[in-house]
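One structure is given below, encoded as structure tokens.
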Amino acid sequence: VGVIGQRTPRRVLARRPDRLRRRRGCTLTWRQLGPRDIQIDVRTQAGTYIKELITGDDGRTRPSVAEVLETPAECAELDVLAIHIDE
């Protein structure tokens, strides 16, 4: 994906300042689970808001899965599979 631009998500604006964060090195792999369901595995920089990476948060995260697929998307389930420490 390259660089992701994320403004502070609307769901946390009450407790965090509104600012633009840039995250690098995002990789996505996916597989079809059903006619309207996919599983996405994401590896990205610490601090990336994953739910907003899926939904786009009304344009506050770009690019997003919803933007690329040109359809609304939502995160039905979120699991952390691994945390990688760069030395």
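Every number in this text was worked out from the coordinates using simple rules, so none of it is lab data. Being a predicted model, the structure only gives us computed values, none of them experimental. No Cβ is skipped: glycine too gets one built from the backbone with ideal geometry, and neighbour counts run over all protein chains shown.
Using the Karplus relation 6.51 cos²θ - 1.76 cosθ + 1.60 with θ = phi - 60°, the per-residue 3J(HN,Hα) values for the range 50-61 come to 5, 4, 6, 4, 6, 7, x, 6, 6, x, 7, 10 Hz, with x marking Gly and Pro. Using every pair of distinct Cα positions in the range 2-69, the Kirkwood expression returns a hydrodynamic radius of 12.6 angstrom. Helical content of the chain, expressed as a calculated mean residue ellipticity at 222 nm, amounts to -2500 deg cm²/dmol (DSSP H runs of 4 or more residues, -39,500 (n - 2.57) each, divided by residue number, nearest 500). First obtain the Kirkwood hydrodynamic radius of the range 33-87 from its Cα pairs, then insert it into the Stokes-Einstein equation at 37 °C and 0.692 mPa s, and state the resulting D in µm² per second as a whole number. Diffusion coefficient, whole number: 266 µm²/s.
When you restrict to C-alpha pairs under 8 Å that are six or more residues apart and normalise by the size of the range 2-69, the relative contact order lands at 32 percent. Would you please state which residues of the range 39-78 a label at LEU20 would reach in this model, taking the label point 7 Å out along Cα→Cβ and a backbone N cut-off of under 15 Å? The answer is 59-63, whose backbone nitrogens lie closer than 15 Å to the label point.
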